[in-house]
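One structure is given here, and the rest of the page talks about it.
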Amino acid sequence: MAKIDQVALDNLEKREFQLTILAAVFVMVLAGGVALLMYPVVFLHPEEGSKWMLKTGFAGFCVLSILFVVYLFDRQHTVRKLKQHLLEEIQRNVELRNQANVDLLHSLPDLKHFYDQLSMEFRRAMTMKQPLSVIAVKVNVGASMKNEKDVTAALGEAVKGIAKCLRPTDATYLLAPALFGVILAEVTASSANLIEMKIDETLRSVGAGKYKVEITTCNYPEQVQSAHELEDVVSSLMPQKQVWEEVGSSR
């Protein structure tokens with residue numbers, strides 16, 4: 001969703017208010033000029049028999065002119081309230097969407113589940129002599145996004161973009177902050193490369209101006225020959241601190 005340009009909206013509202021004032025002044029000047037032209041005919045030299053009718057018409061003209069000016073300002077006030085209400089609804093929808101992205105990100109399986117699933121799928125692929133591919137997606141958030149909540153929401157959008165390019169049975173794993181992994185059972189290297197291109201295209205469209213992505217694809221048996229090599233490929237993409245923590249915990 002495109003970010004709302006509040007400064008542009010404020011400038012637009014100021015210009016609209018200025019146009020309303022200009023229209024009101026224009027109407028009052030024209031009405032005042034017509035009233036001045038009508039005044040001698042109505043009050044100084046009225047025709048016999050039509051005096052009250054002229055006075056009634058003059059009073060009605062003045063009242064209508066005032067009511068029209070009031071209508072202009074009331075319309076301005078109503079449009080301003082509707083616009084404010086619309087902006088509040090848009091902001092609320094954006095917050096709900098961001099919260100949904102945050103919840104989605106927090107619900108992803110972690111690195112431990114990824115390794116367990118990878119080991120199981122590798123044993124199956126080796127037994128059934130089937131290919132197995134792993135895709136790692138690293139999201140580099142731009143420096144302009146300093147709010148942690150906005151960063152988390154952007155990562156949630158990235159997860160949605162990745163999920164659109166996968167099969168319903170495939171799962172996305174959170175390997176590290178801003179690093180996601182996907183295990184593709186029975187997927188060859190060429191097919192995995194096509195999925196990589198699709199993910200890259202989708203994330204570039206979704207995260208335009210927000211983040212950049214780095215995608216790494218590895219396949220068994222064309223590129224690696226063991227589950228340990230697949231794990232090494234994933235570990236090489238993770239922050240060095242987290243790699244040392246994993247080594248320490250495995251000892």
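What follows draws every value from the coordinates through simple rules; no lab data is involved. This is a predicted model, so every value here is computed, not measured. Methodologically, a virtual Cβ is constructed for each residue, glycine included, from the backbone with ideal geometry; neighbour enumeration extends over all protein chains shown.
Dividing the convex hull volume of the alpha-carbon atoms in the chain by its residue count gives 158 Å³ per residue.
Anything over 30 Å Cα to Cα? Flag those among LYS55/LYS81; LYS83/LYS149; LYS81/LYS164; LYS129/LYS212; LYS81/LYS160, in the order listed. Violating the 30 Å limit, Cα to Cα: LYS55/LYS81; LYS81/LYS164; LYS129/LYS212; LYS81/LYS160. By the beta-carbon count within 10 Å of each Cβ, the least crowded to most crowded order of LYS210, LYS14, fewest first, is LYS14, LYS210.
Here the gap between LEU86 and LYS198, fully extended at 0.36 nm per residue and compared with their Cα-Cα distance, gives a gain of 36.8 nm. Helical runs (DSSP H, four residues minimum) scored at -39500 (n - 2.57) apiece and divided by the length of the chain put the mean residue ellipticity at 222 nm at -23000 deg cm²/dmol.
How far, in degrees from 0 to 90, does helix 6-39 lean away from the longest principal axis of the Cα atoms of the chain, to the nearest 10? Between helix and principal axis, roughly 10 degrees.
Any idea what angle helix 51-106 forms with the longest principal axis of the chain, computed on alpha-carbon atoms, 0 to 90 degrees, nearest 10? Around 10 degrees separate the two axes. For the listed peptides 194-206, 52-64, a ranking on the average number of other beta carbons within 10 Å per residue, highest first, reads 194-206, 52-64. Charged neighbours of TYR220, selected by a Cβ distance under 13 Å, balance to -3 (K, R count +1; D, E count -1). Across the stretch 109-250, Cα-Cα distances exceeding 19 Å account for 50% of all pairs. For the stretch 6-105, the Kirkwood hydrodynamic radius comes to 17.5 Å, computed from all pairs of different C-alpha atoms.
3J(HN,Hα) along the stretch 171-186, derived from phi through the Karplus expression 6.51 cos²θ - 1.76 cosθ + 1.60 where θ = phi - 60°, amounts to 10, 9, 10, 8, 7, 6, x, 6, 10, 10, x, 9, 9, 10, 6, 6 Hz, with x in place of Gly and Pro.
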